[in-house]
Amino acid sequence: MSWIDEPHQGVRYGLRGELLVEESTAFQHVTVIHSERYGNGLLLDGCWMTAEAQERPYHEALVHPALCSAHAIERILVIGGGDGGTARECLRHSEVQHLDMVEIDGRVVELCKEHLPGIGGAAWTDPRFQLTVGDGIAWAAEAPDASYDVVLVDGSDPAGPAEGLFNRRFFQHCRRILRRGGVFATQSESPEAFRAVHLAMVRLIREVFGHADPMYGWVPMYPSGWWSWTFAAVDGPRYRSPKAKRVSRIASDCEVWSERWQQGAFLAVPAFIERDLNP
Ligand code: SPD
């Protein structure tokens, strides 16, 4: 047993556990651990991505505001999301007919299937699920106009292979490929530990879509534990109004997400962020 830490700006975010896998892929350094507190976990380039007992609040928050509110949810695109948790939550919605997941690092998928199989769970064998190992940024750039009802970005931090998931061109393509009534969502970093990146993302998505709203919650293993997800839609902030029928089908099996939790999370904009976003 040892401590496995993500150092960030002079603070260490760590779990006590043992190393299971440590290797470099063509894209990044991958570490898989077993921790006492949160079960098996994954780090990419030394940054926490997920752990068995930490993933549900993160994935539920990214997925359900979008999937409960988009006009239709037949065709979904997930960019990143190699552990399968985002796809798993999407596929709990029976109206989803097809889900493309485009993950750049096939080795991450293999390691997650082997060491964190419960995160992807039923998604890995769901006939609606289509995995492409490839560049999600290029996928969005090449997808036809209005080809998805929901686009979800489940990438890592803005360094290395995920860097292009944080720029204007990428967000413009995400908007272009959404159908009418479609919803876009991305993880948008910590308002405390990645304040500048978070603000830049919300501002940029607002410019591209004409509006966007961050939603705040907690993922204790991530830097500061305080996290955000940002939503935008083609036709206004429909993600703030989930459809009752979809909510009733999934809410009882969620760990953290509920319609009420979501309402509070959209309202919980820290004052220091509010002042910067709406001076
Ligand atoms: N600093 C952590 C950012 C992690 C975002 N994605 C996590 C992947 C979980 N599916």
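The values are calculated or read from the model by the stated rules, or taken from the named source; none is laboratory data. In this text, all values refer to a predicted model and were calculated from it rather than measured experimentally. Neighbour counts are summed over all protein chains in view; Cβ atoms, including those assigned to glycine, are modelled from backbone coordinates with ideal geometry. What goes into the accessible areas is simple: the full protein's heavy atoms, side chains included, and nothing from ligands, DNA or RNA. Shrake-Rupley method; radii C 1.70, N 1.55, O 1.52, S 1.80 Å.
Values as computed for the structure displayed
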| item | result |
| --- | --- |
| Boolean, residue 148 is among the aromatic types (Phe, Trp, Tyr) and closer than 21 Å to residue 91 by Cβ | yes |
| Residue list for the range 29-50, restricted to those being in contact with a Leu (Cβ under 9 Å, 6 or more places away or on another chain), touching a residue at least 60 places away in the same chain (Cβ under 8 Å) and closer than 20 Å to residue 104 by Cα | 30, 32, 41, 42, 48, 49, 50 |
| Neighbours by Cβ (under 6 Å, 6+ apart or cross-chain): first from the range 176-192, in contact (Cβ under 8 Å) with a residue 40 or more places away in the chain and under 14 Å from residue 215 (Cα atoms); second more than 16 Å from the ligand (Cβ to nearest atom) and in a helix (DSSP H, G or I) | 184/174; 191/273 |
| Hits in the range 44-68 - residues which are farther than 14 Å from residue 219 by Cβ and either outside the structural domain of residue 83 (by TED's automatic domain parsing) or modelled with pLDDT under 95 (or both) | 44, 45, 46 |
| Those helices (runs of 4 or more DSSP H) lying entirely in the range 108-203 with at least 3 residues among the basic types (Lys, Arg) and either at negative phi or touching a helix residue (DSSP H, G or I) at 6+ places or on another chain (Cβ under 7 Å) (or both) | 168-176 |
| Any pair with Cβ under 6 angstrom, 6 or more apart, that starts in the range 1-19 at a residue that is touching a residue at least 60 places away in the same chain (Cβ under 8 Å) and ends at one that is open to solvent by 30 Å² or more (accessible area, probe 1.4 Å) and part of a strand (DSSP E or B) | 6/13; 6/47 |
| Residue in the range 230-240 that is free of Cβ contacts under 8 Å to residues at least 40 places away in the same chain and in a helix (DSSP H, G or I) present | no |
| Residue tally, condition of a type outside the set (A, V, I, L, M) and within 15 Å of the ligand (Cβ to nearest atom), over the range 137-163 | 8 |
| Among residues of the range 89-107, those that are within 16 Å of the ligand (Cβ to nearest atom) and not in a strand (DSSP E or B), counted | 8 |
